[in-house]
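Only one structure is covered here, and it is reproduced in the block below.
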Amino acid sequence: MEIDTLLNKLGFSDNKAKIYQAILSLGSAPASTIAQKAGIVRSTTYKILEELASDGLVEMTDQGVKKFTALHPKALITLQENKKSTLERLLPELLGIYSSPKFKPKMRFYEGEEGKKKVFEDILSLHNDIVYTFSPIEQVLSIFGKTYSRHFMEKRTKNKIWRHALRPAIDINKNTGEWEFYGSDEKLMRQVRFLPPKIKCDTLIQIYANKVAVIASKKEDYAFIIESKELAELMKQIFLWLWHTSPKP
């Protein structure tokens, strides 16, 4: 019944909702009559009637026989307003003892080709550093093209940023004419190794500083950067374990 659901949302238990509706329909009655109307045992009914009286929704009179009288349903509004007022007084005290986390990871999402370039180029803020990448170069070239990729490599080497790249195993058979993008190259400050054949890699992941940057394939089409020291360290350890167990070209 909708009334029960709405009363539940106001903090009424199922039994309290039944008893409240029973006394509203009766107007005024002893606990035994209200219990019979609600279909709830008398001891439970009496306890809940006392709660309703404390809430200001019911009045109790005792003239030889205790009777409970329902107040106008608008008393519910007064009850909720009183709760809100109490919360407003309490909130500053709670905020005073609240201990917020010292660090919250930052996460930024990007859309479109320009957004993906921002994710790709975020590493260019580094100098004399190493970036660890799971790098499906075919996916990278399909997103950014060779001209932009060459431009990016020039910027990266100018900032003396080494790139350690784990490529999909399928890339090991590329023609040497494509080696500009696929292979190790001291001048381009790039070392490459190849993942085990069973590991599929369609997503570009860059691990650097305290960040993990991700660019999905065109099929899934998303990109984001997470700034988290713990996550970056974990991803780096996974990368290095794979790096030391993967073959060189």
Could we say that residue 86 is of a type outside the set (Gly, Ala, Ser), more than 30 Å from residue 119 (Cβ to Cβ), modelled with pLDDT of 85 or more and part of a helix (DSSP H, G or I) here? yes
Within the stretch 4-16, restricting to residues that are modelled with pLDDT of 90 or more and part of a helix (DSSP H, G or I), the one that is nearest to residue 63 (Cα to Cα) is 16
Output for the stretch 90-132, where each listed residue is over 22 Å from residue 235 (Cα atoms) and either modelled with pLDDT of 90 or more or in a helix (DSSP H, G or I) (or both): 90, 91, 92, 93, 94, 95, 96, 97, 112, 113, 114, 115
Please verify whether residue 152 is touching a Phe, Trp or Tyr at 6+ places or on another chain (Cβ under 8 Å), surrounded by fewer than 19 Cβ atoms within 10 Å (Cβ to Cβ) and either of a type outside the set (Val, Ile, Thr) or in the same structural domain as residue 223 (by TED's automatic domain parsing) (or both), treating the condition exactly as stated. yes
Odd one out for residue 135 among (1) closer than 13 Å to residue 206 by Cα; (2) among the polar types (S, T, N, Q); (3) at pLDDT 90 or above: (3)
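Let's see how each residue does on (1) touching a helix residue (DSSP H, G or I) at 6+ places or on another chain (Cβ under 9 Å); (2) farther than 29 Å from residue 168 by Cβ; (3) exposed (fewer than 11 other Cβ atoms within 10 Å of the Cβ):
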site	(1), (2), (3)
88	no, yes, yes
96	no, yes, yes
122	no, no, no
140	yes, no, no
Keeping to the stretch 61-78, report how many residues are exposed (fewer than 14 other Cβ atoms within 10 Å of the Cβ) and not β-branched (Val, Ile, Thr). 7
Out of 224, 152, 144, report the one residue that is closer than 30 Å to residue 105 by Cα, part of a strand (DSSP E or B) and of a type outside the set (Gly, Ala, Ser). 224
Among the residues of the stretch 223-247, write down those that are hydroxyl-bearing (Ser, Thr, Tyr) and surrounded by 15 or more Cβ atoms within 10 Å (Cβ to Cβ). 228, 246
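The values are calculated or read from the model by the stated rules, or taken from the named source; none is laboratory data. Predicted, not measured: the structure shown is a model, and the values here were computed from it. No Cβ is skipped: glycine too gets one built from the backbone with ideal geometry, and neighbour counts run over all protein chains shown.
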